[in-house]
Structure formats: C-alpha cells, structure tokens
Amino acid sequence: MRKSVIAGNWKMHMNCAETKSYLCDFLPLIKDIPNDRKIVIAPPFTAISTFSSFSNSDYLHIASQNIHWEKQGAFTAEISPRMLIEHNVKYAIVGHSEPRKYFSESDEQINRRAVFAQSSGLTPIVCVGETLEQRERGEADRVITRQVEQGLENTDPSNLIVAYEPIWAIGTGKTCEASDANKICALIRKLIGFNDVIIQYGGSVKPNNIDEIMSMSDIDGVLVGGASLDPISFSRIANYK
C-alpha cells in the first residue's frame, strides 16, 4: 500500500528564528499523526540546519528546495547532496514551476538533478505541470507526457515522488478539480509504469479541500505552498481525514 506524503514548500519564507517558532507550534499538532503518511517540509537553505537540530521527530522529514547534479564545484548559488545529507535532509524538490519559469530550467537539467539525488541517497520530488494556455489548448496530457518521459529518464520509480502541479493553480487561489487532478495523476502513473510510485497534487491546497483531494484513487499526497506557512493550517492538512 502506498504511504501518502504531505509536503510543505516554504519557498523564500522563514528565517531561523521563525523556523524555531513554527516548529514549537507545529510539532505538538502532528505528534499523533497516523502512520499511513509522512510529513515533509522544505525550508529555505539557511534554515535547514536549524530545522534539523530543533526537530528530532521521526514523523517530520526535511526536504531541500533544489539540488545540483555534482558533488562540488564552481556552481554559484547551487547546493549538493552531501551538503544536505549532513543536516539529515531526506528529500529534494526538483523541477518546480518557479525555477522552470524564472530560470528556464530544462527537462534535461531536471532529469540530471533527479538522477543524482537518487544516486546520492535522496528521494527527489519531481514537479510537472501545464500552464493555463496549454490547458486551454487541450495540450495538458502532451505536456505532462513530455515532462515525465524526459524528466524521469533513468530514474528509479521505487525511490521517487512526482508532484503534479498545474501552474495556473499555484498561488492563484484556483484549484484543479480533484477528479481532473486524479486523471492526470493516473496518466503519470501509467507513463512511469510502476503502480507504487508516489504521486502528489499541488496547487492552492488548503484545509478546506484537502479531504476531497486525498480521497482520490491516484493522489498519494500533496505539495503545499502558502498553506504550509501557518502551522495550524498545515497541521490540518497533515491530519486530513
């Protein structure tokens, strides 16, 4: 049975003091979390050490917001797996729509990051998703197929999370209908060809829609942005019914 993964992406929010304060509030709210799920948070790089030292729970895991495909070198502003593993990081977000959009990340680069994350002992959370224009032109399936085939080439599906994040639903307040998201997640599972791969949905996930989202047959978790910044809000999402 697939274990769901509830992940929060803090993006460029939270300094070290705010991270400590958040965890003080959040940890008591998830201490009785059911064992059919994992909770993951991706703080900014500067707060990872604080997060690791302040939270020693076995039910809350750390992710990085990106990862490079080399162990070390002249790669300004990048971060390597060995730097992250030192701080007990277990997961790495790869190919989020924001690096794709703002830094023109290609499927080839995303693939290199994902493959190296796995070979280094980390689990990549690889994001895929279409724009509003692509969806309106009826190209969503084609776009997702390309991103999966090129971005996941030579990856191990048994150590992989894929996050379907329709770009038009990220931070906009618009949420993809749960049934529509489920269809795309089913397509992703079929393309990968491994029934036990974990597939998340991301895009304006909130406490008032989490239960419906998680009732879908092919959605195994969520990747949450804004709602993960509030410990009470995110704890409700983590404790979905």
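Coordinate-derived values only; no laboratory data. All values reported here derive from a predicted model rather than from experimental measurement. Cβ: placed from backbone, ideal geometry, glycine included. Neighbour counts: every protein chain shown.
Odds and ends about this structure:
- Rounded to whole Å, sorted largest first: equivalent-ellipsoid semi-axes of the range 73-200, Cα gyration tensor: 25, 17, 13
- Footprinting exposure proxy ranking of I161, I188, fewest other C-beta atoms within 10 angstrom first, gives I188, I161.
- Label-point separation in nm, A74 to N88, each point 7 Å along Cα→Cβ: 3.7 nm
- Between E149 and S52, full extension at 0.36 nm per residue minus the direct alpha carbon distance yields a gain of 31.5 nm.
- Charge sum, other residues only, whose C-beta stays under 12 Å from D211's C-beta, Lys/Arg counted +1 and Asp/Glu -1: +2
- Net charge of neighbours whose Cβ lies under 11 Å from the Cβ of A169, counting Lys and Arg as +1 and Asp and Glu as -1: -2
- Legend: residue pairs K31/K90; K206/K241; K11/K174; K190/K241; K31/K183; K3/K206, Cα-Cα distance threshold 23 Å; pairs beyond threshold, K190/K241; K31/K183.
- Other-chain or far-sequence residues with amide H under 5 Å of G8's (modelled H): V40, I41, A42, V224
- Calculated FRET efficiency for the pair S119/D180, C-beta based, R₀ 30 Å, to 0.05: 0.30
- Projected-area average for the chain over all orientations - Cα convex hull basis, square nanometres: 11.9 nm²
- Over the range 79-138, the Kirkwood radius and the radius of gyration, each from Cα atoms, give a ratio Rg/Rh of 1.08.
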